[in-house]
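Accompanying notes for the structure given below.
The values are calculated or read from the model by the stated rules, or taken from the named source; none is laboratory data. Source: prediction; values computed, not measured. Positions of Cβ are generated from backbone atoms using ideal geometry, with glycine treated the same way; all protein chains shown enter the neighbour counts.
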Amino acid sequence: MRKYHFLIALFIVLLDRATKLLVAKDIALHNSIQIIPRFFYITHLENRGAAFGLFADSHSQWKASLLVLFSIVALVIVSAMLWRSRHTMATTGIGLAMIMGGAIGNLWDRLVSGKVVDFLLFYLGSYEWPAFNVADSAIVIGAGLLLVEILFAKSVAPQKSAP
């Protein structure tokens, strides 16, 4: 029942697109809406780097192409893993579907405009967490689910055949 994995990925892509379009339409670039004072803001930022602003300051002419290539390679790998997955709603399948949806969401932005809209901004005291979006969140949560599966999955002991 692979369709559920692909529906999860599609839902994430649609949610990511809708939230980015809403923020870009309703909030001027670099402006914020305070949600929880000194903790959570919705801020319209544009990121030309990778997730959480990594490599955003790089002026390499290859940066955009490498980010797109990396996203495509990751999508091919995740798609192959999802296609081979046997458990419909297992943690692994859901994690891979979330990673796929997030990767497609950010790849879409990179291909269309060369940048990704980020808007979720959190502060802890004087520390500012790098702004992110729904796609980034899905990728991180999906990777976390895979990590939990790897670390805490019960191994199945091979059954002995009767003599």
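Here are the numbers for the structure shown:
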| read-out | value |
| --- | --- |
| Test: residue in segment 118-128 that is closer than 17 Å to ASP16 by Cβ and among the hydroxyl-bearing types (Ser, Thr, Tyr) | no |
| Complete set of residues in segment 85-120 that are touching a residue at least 40 places away in the same chain (Cβ under 8 Å), under 13 Å from GLU46 (Cβ atoms) and among the hydrophobic types (A, V, I, L, M, F, W, C) | VAL116, VAL117, PHE119 |
| Filter result (assigned to a loop (DSSP other than H, G, I, E, B) and over 20 Å from SER137 (Cβ atoms)) within segment 1-46 | MET1, ARG2, ALA28, LEU29, HIS30, ASN31, PRO37, ARG38 |
| Members of segment 122-152 found to be surrounded by fewer than 20 Cβ atoms within 10 Å (Cβ to Cβ), more than 19 Å from GLY101 (Cβ to Cβ) and either touching a residue at least 40 places away in the same chain (Cβ under 8 Å) or not small (Gly, Ala, Ser) (or both), listed by number | PHE122, TYR123, LEU124, TYR127, GLU128, TRP129, PRO130, ILE150, LEU151, PHE152 |
| Number of positions in segment 100-123 that are aliphatic (A, V, I, L, M), within 14 Å of the chain's Cα centre (by Cα) and not in a helix (DSSP H, G or I) | 3 |
| Qualifying residue in segment 58-71 (condition: in contact with a helix residue (DSSP H, G or I) (Cβ under 9 Å, 6 or more places away or on another chain), surrounded by 17 or more Cβ atoms within 10 Å (Cβ to Cβ) and modelled with pLDDT of 95 or more) | no |
| Subset of segment 96-108 [surrounded by 22 or more Cβ atoms within 10 Å (Cβ to Cβ) and farther than 16 Å from MET81 by Cβ] | GLY105, ASN106 |
